[in-house]
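Participant: Supplied in structure tokens, the structure appears directly below.
Readers should treat all values here as calculations from the given coordinates under stated rules, not as data from a laboratory. The shown structure was predicted, so the numbers you read here are calculated from the model rather than taken from an experiment. Counting neighbours? That spans all protein chains shown, and the Cβs are built from the backbone with ideal geometry, glycine included.
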């Protein structure tokens, strides 16, 4: 059966799969039933039922002790040597009447522990070996819990079903001496039987209402969750199929009353937007690569065709063609190397603490350039950041001569560097394109047009920005990165 309609089993997967509303409803019902489970499973209810039985027997024993003592006192007034066994017949008759009301078994023993009166049928039984009777004959109250076999009575029966029987023995005092003991016994109620007998129309109604409320709460909570989870699932499915316009449908789910669902919807929408941007980037990247590779490949193809079609070509002419072919191969190699570096920059690298001031000093020392200001630390890939700075320096040296200068800066939560030169500047037409892949004004000199694209990719992968400004007095590249938290 499907997850929507019930449960299903799948190899290696969860044993049962239910809709979220079903899980929530079951969890609410489980919480509602938990107190009953705890009462039954922990034995707390059973212990309380035994204690109640002990208290009842103790109260009955106290009353019977007074009753028997009064009867013994009356007997001794008539005959000075009267003993408890002399009251056996009349006392037994009275105990049977009491048992009808209390349902407790009652035995009266003399000082030796011999039963002289009982609510049952057996007289003369020796109870002197029972611990509770020994305590009662010693003047203290005794209590014992003894096992018994199953009663076989139904749960609705008034007869109790517990597998133990409680015995309480209280002393019978006459004057300053203990003349005997009263032993009362009764089976406590079983837990399930107690719950059954406590049930009433009002209790059943309350239970039904509680179950209904728990079920409604589970269904309502499931509705709140599944309503927006359904939107997220549908949106994610459309994104997986390549329909990135589905990201806009997730805006409603971001307003969910459930914070986790709102965050999930926001994360899926952000993922969708980034995937769309990444696919657009890859498409543009592939188009740029295809366009840039066509020219050197066409040159190489033409060169090979000319060399093949003209076997009598002069060595000087052949050398020219071979030189051109080697130059195109070198250009292709530079572009491939630049593309690999660009791809690695987009992927990001191993991040750690990087001191931009140390990085500026290292690169400036390599090219003998002046450094001013003070840059802070960032979390990033030191190799990639040094590569970006090196590309900016070499770009400045290429276009600005030896007038390149480096400056570090820190401003609150941002830090970075500035690379400036005193070259002729970048034309207003070319300025917006300087970071485009394969854009270069030095193609004839072997430029690949990937250096500044690599700079932008590295800086943006570190959460930063790079800006350029240029005029007739020179060009300034300003890099801004998130400062490393203290």
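Participant: How would you rank 458, 354, 172, going from fewest to most other Cβ atoms within 10 Å of each one's own Cβ? Before the final figure, lay out each step's value.
Facilitator: Working: 458 29, 354 22, 172 26.
Ascending Cβ contact count within 10 Å gives the list 354, 172, 458.
Participant: Mind giving me the nanometre distance, one decimal, between the label points for residue 312 and residue 223, set 7 Å out from Cα along Cα→Cβ?
Facilitator: Those two pseudo-labels are separated by 9.4 nm.
Participant: Average the reciprocal distances over every distinct pair of alpha-carbons in the range 42-198, invert the result, and give the Kirkwood radius in Å.
Facilitator: 16.2
Participant: Starting with the fewest neighbours, write out 23, 55 ranked by other beta-carbon atoms found within 10 Å of each beta-carbon.
Facilitator: Details: 23 15, 55 11.
So the ranking, lowest neighbour count to highest, is 55, 23.
Participant: Same structure, new question: So for each of 231-237, 31-37, 130-136, 94-100 I average, over its residues, the number of other beta carbons within 10 Å; can you give me the resulting order with the highest mean first?
Facilitator: Values: 231-237: 17.9, 31-37: 12.0, 130-136: 20.1, 94-100: 15.6.
Packing order, densest peptide first, comes out as 130-136, 231-237, 94-100, 31-37.
Participant: Simple spin-label model, 7 Å along Cα-to-Cβ: residue 163 to residue 467 in nm?
Facilitator: 8.3
Participant: Next up: Grab the beta carbon distance between residue 100 and residue 212, set R0 = 45 Å, and tell me the FRET efficiency rounded to 0.05.
Facilitator: For residue 100 and residue 212, the calculated efficiency is 0.55.
Participant: Under 20 Å from the 7 Å Cα→Cβ point of residue 93, by amide nitrogen: which residues of the range 99-120?
Facilitator: Only 99-102, 106-109, 116-120 pass the distance filter.
Participant: OK, next. With each pseudo-label sitting 7 Å past Cα toward Cβ, what's the residue 298-residue 323 distance in nm, one decimal?
Facilitator: Going from the residue 298 label point to the residue 323 one covers 2.4 nm.
Participant: Using a Förster radius of 41 Å, what is the FRET efficiency between residue 422 and residue 351 based on their Cβ-Cβ separation? Nearest 0.05, please.
Facilitator: Plugging the Cβ-Cβ distance into 1/(1 + (r/R0)^6) gives 0.70.
Participant: Continuing with the same structure: Taking neighbour Cβ counts within 10 Å as the exposure measure, how do 462, 467 sort from fewest upward?
Facilitator: 467, 462
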